[in-house]
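S.K.: Below is a structure I'd like to ask you about.
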């Protein structure tokens with residue numbers, strides 16, 4: 001860990017040259033994915049970006065503001081990777097499976113060096129009352145709500161055969177993705193993603209696109225695999 | 001969060017009078033369950049226990065040693081709450097369900113103020129190489145291995161009807177308990193435990209002891225609910 005902290009978590013020249021607010025926040029979210037929001041001091045971020053502490057204070061004002069901005073960046077990347085590309089798909093089973101598959105793939109590709117920064121910061125702040133936890137709790141409700149909505153649509157349309165409530169199944173899908181993410185970080189054993197896929201397929205039917213291969217958005221008119 | 005830090009995470013006179021190593025470590029694990037191992041400075045622990053920094057240095061030597069000792073305490077309590085009381089039960093479905101139920105109950109009772117300290121520290125350190133992560137990864141393998149072993153026994157004895165590998169089902173049970181723990185911390189919505197119970201019951205059959213009510217250890221001779 002010492003060595004990594006000295007060379008910087010991103011280890012890239014690009015990061016050290018970060019100048020725009022969005023570049024700085026991407027570095028911040030990468031740091032947070034590994035060492036947490038509490039590991040994200042202004043000093044640490046200065047070291048990672050090559051910017052001065054005073055310049056970073058000018059950007060963010062305080063560690064608390066930096067934490068909140070970093071959470072927004074973590075949520076933005078999660079949304080851009082998992083939610084936005086699937087927004088145009090038909091509601092129901094197709095979109096649900098695509099979102100689950102994209103989520104697992106995003107965790108496995110380590111878009112952030114410590115896995116999903118949304119997941120990492122959620123667990124870090126789960127028992128710390130304040131604006132950071134409130135924002136992460138809200139975002140978790142929204143994400144689980146997206147899953148739930150597609151499950152309900154899929155059930156009503158007869159696309160899936162589920163004898164549980166959408167709320168129950170959404171909890172289970174979220175549990176599988178979250179756990180695959182942190183277990184992979186802990187063990188470096190990528191079979192956890194396959195286990196999550198198997199369990200998700202048992203809960204909502206198999207993913208039609210195949211492991212880690214996505215249909216183009218025109219695939220929305222594919223028949224349901226059920 | 002400020003108010004809690006000032007009054008101490010444990011908020012008890014007992015904690016402030018902690019003098020023995022085991023009392024100090026119980027306070028340390030309570031702090032870690034809320035604010036993480038990184039939030040557990042010697043100074044913070046001095047404030048929580050009422051002991052001097054120099055006295056705590058004499059006990060632990062360094063923050064790293066304190067982190068490792070705190071992880072051992074987290075694991076000790078987890079084992080005492082979940083594993084040890086079920087050790088004498090017959091291998092297989094009865095012990096498996098009792099362990100799952102005890103695990104959820106231990107998380108819901110908040111034996112540590114921030115939920116399961118083993119879970120919290122595992123996720124905190126999942127992407128930070130070093131002795132702390134190694135220990136937590138080993139303990140996770142052991143815990144999931146205990147679940148897996150009872151699942152295999154239950155399958156071989158025909159106590160459960162499962163069309164998946166023990167490894168797969170153990171991953172799923174672990175995902176459900178972990179997620180119920182952190183989602184409860186994040187949302188304060190205790191229905192997550194009922195969701196975890198429902199999903200576990202679907203995976204391995206219902207818990208015979210009823211929600212949050214345990215058989216006495218003499219209950220090992222009860223018939224299997226399958």
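S.K.: Please report B:103, A:143 as a ranked list, fewest other C-beta atoms within 10 angstrom at the top and most at the bottom.
M.R.: So the residues, fewest neighbours to most, are A:143, B:103.
S.K.: Using Cα-Cα distances under 8 Å and only pairs 6 or more residues apart, what relative contact order does region A:88-214 have, in percent?
M.R.: Contact order relative to length: 37 percent.
S.K.: While we're looking at this one, here's another question. Residues of A:118-124, mean number of Cβ from any other protein chain within 10 Å of their own Cβ, rounded to a whole number? Don't jump to the answer; show the numbers that get you there.
M.R.: Details: counts 0, 3, 4, 0, 5, 15, 8.
Per-residue shielding by partner chains comes out at 5.
S.K.: Can you list, shortest first in nanometers, how far residue A:109 lies from the same residue in the other copies, with each label 7 Å from Cα toward Cβ?
M.R.: Reported distances to equivalent positions: 4.5 nm.
S.K.: Summarise the partner chain shielding of B:35-47 as one whole number: the mean count of Cβ atoms from other chains within 10 Å of each residue's Cβ. Mind dumping the intermediate values first?
M.R.: On the way: counts 5, 9, 1, 5, 4, 0, 0, 0, 0, 0, 0, 0, 0.
Other-chain Cβ atoms within 10 Å of each residue's Cβ, averaged: 2.
S.K.: How well do other chains shield peptide A:186-192, expressed as the mean number of their Cβ atoms within 10 Å of each residue Cβ?
M.R.: The shielding value for this peptide is 4.
S.K.: Once the piece of chain linking residue B:65 and residue B:156 is laid out straight, how much longer is it, given 0.36 nm per residue of separation minus the C-alpha distance between them?
M.R.: Answer, rounded to one decimal: 28.5 nm.
S.K.: Moving on. Just how far, in whole angstrom, is region B:148-175 from region A:47-63 if you go by their alpha carbon centroids?
M.R.: 51
S.K.: A further question on this structure: Just to confirm the numbers: residue B:162, label point 7 angstrom along the Cα-Cβ line, distances to the other copies in nm, shortest first?
M.R.: Taking the point 7 Å beyond Cα along Cα→Cβ, the inter-copy spacings are 2.2 nm.
S.K.: Nm distances between the label at residue B:64 and the same-position labels in the remaining copies, 7 Å along Cα→Cβ, shortest first?
M.R.: 3.4
S.K.: How big is the gap, in Å, between the Cα center of region B:82-113 and the Cα center of region B:183-202?
M.R.: That distance is 16 Å.
S.K.: Moving on to the next point. Quick one: compute the contact order of region A:72-136, relative version, from alpha carbon pairs under 8 angstrom and 6+ residues apart, as a percent. Intermediate results must be reported in sequence, preceding the final value.
M.R.: Details: 33 pairs, mean separation 19.2, N = 65.
Value for region A:72-136: 29 percent.
Laboratory data are not the source of any read-out in this text; all were calculated from the coordinates shown. Since this is a predicted model, take the numbers as computed values, not measurements. Glycine gets a Cβ as well: all are built from the backbone with ideal geometry, and neighbour counts include every protein chain shown.
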